[in-house]
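Below is one structure, written out as structure tokens, with a few remarks after it.
The values are calculated or read from the model by the stated rules, or taken from the named source; none is laboratory data. Please read all numbers here as calculations on a predicted model, not as lab measurements. Cβ atoms come from the backbone with ideal geometry, glycine included; neighbour counts cover every protein chain shown.
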Amino acid sequence: MSRRQLLPPDRTQAFTDFLARRLLRVPARPGQPAEPPPGALRIASYNLHKCVGTDNRFDPGRIATVIHELDADILALQEADRRFGRREGLLDMAELQRHTGLAMMPLAMARGGHGWHGNALLARNARMIEARRLRLPGGEPRGAVMVELEFASGRVRVVAAHLGLLRRHRAQQVNALLESIAEADDTPILLLGDLNEWRPGPRSSLRALERDFGPVDAGPPTFPSRLPVFSLDRILCRPTGLLGGLATHETPLSRVASDHLPLTAHLDLAAARPAALAAAA
């Protein structure tokens, strides 16, 4: 019998977190997320693993159910399209919209695709103002999308990305993302997705993001979904004070539907207006 079998589930997770912090220098899990302020938007990022679960089953229906559980207003998806061939999308987006209200932003180049290099963006009760597809440098095809959305509570610019597997490529891709927002106005910017970085401290390929988005190390582990140890997924915001409640969405279904757990947070766009007025004063 293994050590994991000897421990009850809550102590198993505590033991795993302890090992992660001691051996891998992964930050401790945050406590219970705070209640969002009235009118805050719910944000989520989810790597679908092409709808193949930890049981090796291809099941888009399970992914759709997890997305329904998220109840997000803004949702970034990674690996939402087939990687080869016609790059078709893997979800029934029309059915998903009927059940969740989430509309897919028109980002795909291929007919029937969901996004750009597998990055799809969905939003509820929002108007798309502008969208850009970004090519990212590196040894494998990678991309990001930048979409400006207008909600009743205000505007937000969303940058959704899936960075590369090699540290030097991720560093190049981070610089490319920063260049893409260098001339942006003071509209709040969300940066979210699978950034593929688990190293905290000076070795992190995400370090250059801190000037604009604040600390990049803090974040709950999302991978592997059955027993998460690595904080591969991020939700970041500029300015930093608008984002709160960062947490994993961990349910029996989300632990098996993909090898990543979804990451969620809330965004208070109403708080951006006083900050902008104070900066202009």
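A few notes on this one:
- Hey, Gln78 at pLDDT 95 or above, surrounded by fewer than 16 Cβ atoms within 10 Å (Cβ to Cβ) and touching a strand residue (DSSP E or B) at 6+ places or on another chain (Cβ under 6 Å) or not: no
- Some residue of segment 181-193 being closer than 25 Å to Gly139 by Cβ and surrounded by fewer than 21 Cβ atoms within 10 Å (Cβ to Cβ): yes
- From the options Val158, Val145, residue that is closer than 25 Å to Pro188 by Cα, part of a strand (DSSP E or B), β-branched (Val, Ile, Thr) and touching a residue at least 60 places away in the same chain (Cβ under 8 Å): Val158
- Put simply, of Asp233, Asp212 the only residue that is closer than 18 Å to Ala144 by Cβ, touching a residue at least 24 places away in the same chain (Cβ under 8 Å), crowded, with 19+ Cβ neighbours inside 10 Å and of a type in the set (Asp, Glu) is Asp233.
- Taking residues in segment 39-59 that are closer than 30 Å to Gly244 by Cβ, and partners anywhere that are of a type in the set (Lys, Arg), the pairs with Cβ atoms closer than 6 Å and at least 6 places apart or on different chains are Thr54/Arg226.
- Filtered residues of segment 86-142 (kept if within 17 Å of Leu177 (Cα to Cα), modelled with pLDDT of 95 or more, touching a Leu at 6+ places or on another chain (Cβ under 7 Å) and among the charged types (D, E, K, R)): Arg133
- When Ser205, Ser180, Ser153 are checked against the criterion of being in contact with a helix residue (DSSP H, G or I) (Cβ under 6 Å, 6 or more places away or on another chain), more than 20 Å from Ala270 (Cβ to Cβ) and of a type in the set (S, T, N, Q), a single residue qualifies: Ser205.
- Screening Ala94, Ala76 for residues that are more than 26 Å from Leu243 (Cβ to Cβ) and either under 15 Å from the mean Cα position of the chain (by Cα) or part of a helix (DSSP H, G or I) (or both) leaves exactly one candidate, Ala94.
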